[in-house]
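The values are calculated or read from the model by the stated rules, or taken from the named source; none is laboratory data. Keep in mind that what you see is a predicted model, and the values were worked out from it rather than measured. Glycine also receives a Cβ, built like all others from the backbone with ideal geometry; neighbour counts cover every protein chain displayed.
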Amino acid sequence: MFHLHSNQSLRLINTFGVDEMAVNFCSLDEEAQLTEDALNKLPGPLHVLGGGSNILLTGPVGGTVLRNQLKGIKVISESAESVLVEAAAGEIWHDLVLYAIGNNWGGIENLALIPGTVGAAPIQNIGAYGVEVKETIDRVWYYDLKDHQIKSINAGECSFGYRDSVFKQELKGGYIILSVIFKLSKMPQLRLDYGAIRAELDKHGIKMPTISDVAQSVISIRRSKLPDPLVTGNAGSFFKNPVISEDHFEELKTEHEDIPSFPVAGSKVKVPAGWLIEQDGWKGYRDGDKGVHPHQALVLVNYGNAGGKEILELSERIINSVHKRFKIKLEREVQIW
Ligand code: FAD
Ligand code: NAP
């Protein structure tokens, strides 16, 4: 059974701070609320909301917005080397990271301070500072909206890719993630390959870092580089980093000698989207309350009262401009509602 509210403002529950309404809104607090009968009574379509940190609202949201607030973190089993931890989908991601660090369980410390909920983490296979969440996911439990059964799939069945998974593809729109089981290590292998982490540890004279030191470094770097959504509305990286063929990359290099790149499996090359956007002069662009962040061109921002449609339109202009110059079609990472 759900308690339905009409015309609920979503302004405070989307990190872009866009002022739009949900025509119908309700909260999911317990799994027991999920019955075929209760769900069928909700005006459709159903939009599942976590922390609202990866969406752009472009108008009033019709149907029903269901906010996932399922809570709980528990240990399922442990061995001398590792521990299986199940976290409910509505848990705040960073709280789970802090819980793992508090127990000295490694694996997700590089993903500190990523906004949003645990349930959204597998959907785009959240990643940062050289780590993707797929490396620690054991199993995902979800409610199948087609046959109203609770099901689970293991990591191998999730088709995880760069900011991608089965939840954005075959299963899209047909599920509510209920919980995620993580396999964390009692003998953490630190991941310091991402240059900025080592530099931050060096800055503090830390020679033998712990997982807590790594998380603190990531937190400091993030705070210094990224806009705080509580101050300036944003949804993190608006676009994915494009992955292009080696031939295309070589062609671009003849004209743009300094183009940065990172090798990707399958003889492909990842080019930082932020660099491409910056080359086209968009960094720091502002028109009214919409703009491109002055320190990170990958982040579109709302300085106050920008509408979602305006931000979407700006993203379209950026896509066209990058395509014209580099023949690369940027894809949006943020989900457009
Ligand atoms: P929402 O925005 O609420 O939802 C995103 C999508 O997932 C929607 O389509 C929604 O319908 C669906 N969804 C959410 N929960 C469920 C559920 N339980 N069941 C079914 N569908 C669901 N991302 C990274 O990968 N790496 C980063 O480093 C990173 N940094 C960021 C920094 C900032 C400042 C911000 C604002 C965002 C950043 N992001 C980053 C993006 C964002 O934090 C992640 O995508 C996060 O996982 C979104 O979680 P959420 O709960 O807010 O999802
Ligand atoms: P950055 O360190 O300035 O690097 C720019 C880009 O180059 C990143 O997007 C990153 O790709 C790539 N890169 C840098 N060093 C790399 C390495 N050693 N190996 C492979 N790729 C490398 O990026 P930033 O904007 O400050 O972000 C830092 C990290 O936080 C990145 O991992 C980024 O993905 C993550 N982040 C994500 C979001 C989001 O909303 N998705 C928002 C903020 C930060 P990758 O993105 O593939 O790592």
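Things to note:
- The residue list Ala297, Ala273 contains one member that is closer than 22 Å to Gly116 by Cα and under 22 Å from the mean Cα position of the chain (by Cα), which is Ala297.
- The lone exception for Val97 - which of (1) assigned to a helix (DSSP H, G or I); (2) free of Cβ contacts under 8 Å to residues at least 60 places away in the same chain it fails: (2)
- Within the range 190-214, the residues that satisfy the criterion of being of a type in the set (D, E, K, R) and without any contact (Cβ under 8 Å) to a residue 40 or more places away in the chain are Arg198, Glu200, Asp202, Lys203, Lys207, Asp213.
- Among the residues of the range 91-131, those that are near ligand 2 (Cβ under 10 Å from one of its atoms), touching a strand residue (DSSP E or B) at 6+ places or on another chain (Cβ under 9 Å) and under 21 Å from Pro188 (Cα atoms) comprise Asn110, Leu111, Leu113, Ile114, Ile126.
- Residues that are within 14 Å of ligand 1 (Cβ to nearest atom) and assigned to a strand (DSSP E or B), drawn from the range 40-79: Leu46, His47, Val48, Leu49, Ile55, Leu56, Val61, Thr64, Val65, Leu66, Arg67, Asn68
- Test: Leu42 is within 16 Å of ligand 2 (Cβ to nearest atom), within 27 Å of Val18 (Cα to Cα), hydrophobic (A, V, I, L, M, F, W, C) and surrounded by fewer than 18 Cβ atoms within 10 Å (Cβ to Cβ): no
Every residue, every condition in (1) within 14 Å of Phe239 (Cβ to Cβ); (2) surrounded by fewer than 15 Cβ atoms within 10 Å (Cβ to Cβ), yes or no:
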| position | (1), (2) |
| --- | --- |
| Lys253 | no, yes |
| Asp258 | no, yes |
| Ala265 | no, yes |
| Lys270 | yes, no |
| Trp275 | yes, no |
| Glu278 | yes, no |
| Gly284 | no, yes |
| Lys290 | no, no |
| His293 | yes, no |
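- Evaluated against (1) within 12 Å of ligand 2 (Cβ to nearest atom); (2) touching a helix residue (DSSP H, G or I) at 6+ places or on another chain (Cβ under 9 Å); (3) more than 20 Å from Leu56 (Cα to Cα), Ser224 falls short on exactly one condition, (2).
- Against the conditions (1) at pLDDT below 95; (2) assigned to a helix (DSSP H, G or I), Leu12 satisfies every one except (1).
- Taking first residues from the range 264-290 that are closer than 18 Å to Gly130 by Cα and partners that are of a type in the set (Gly, Ala, Ser), the Cβ contacts under 6 Å between residues at least 6 apart in sequence or on separate chains come to Val269/Ser261; Val271/Ser261; Gly274/Ala297.
- Matching option when the condition is within 11 Å of ligand 1 (Cβ to nearest atom), under 20 Å from the mean Cα position of the chain (by Cα) and of a type in the set (S, T, N, Q), among Ser224, Ser159, Ser179: Ser179
- Taken as a whole, the structure leaves Ala215 outside the set of residues that are within 15 Å of ligand 2 (Cβ to nearest atom), over 24 Å from the mean Cα position of the chain (by Cα) and of a type outside the set (Ser, Thr, Tyr).
- Single condition Glu255 does not satisfy, out of (1) more than 16 Å from ligand 1 (Cβ to nearest atom); (2) under 26 Å from Ile311 (Cβ atoms): (2)
- Residues located in the range 203-244, provided they are modelled with pLDDT of 95 or more and among the polar types (S, T, N, Q): Thr210, Ser212, Gln216, Ser217, Ser220, Thr232, Asn234, Ser237, Asn241
- So Gly274, is it under 27 Å from Ile13 (Cα atoms) and touching a strand residue (DSSP E or B) at 6+ places or on another chain (Cβ under 6 Å): no
- Qualifying strands (runs of 3 or more DSSP E) (wholly inside the range 233-293; at least 1 residues being of a type in the set (Lys, Arg)): 268-270, 290-292
- Residue selected from the range 302-337 under the condition in a helix (DSSP H, G or I) and among the aliphatic types (A, V, I, L, M), by the criterion surrounded by the most Cβ atoms within 10 Å (Cβ to Cβ): Ile311
- The residue that is farthest from ligand 1 (Cβ to nearest atom), counting only those in the range 100-117 that are closer than 20 Å to Pro227 by Cβ and assigned to a loop (DSSP other than H, G, I, E, B), is Ala112.
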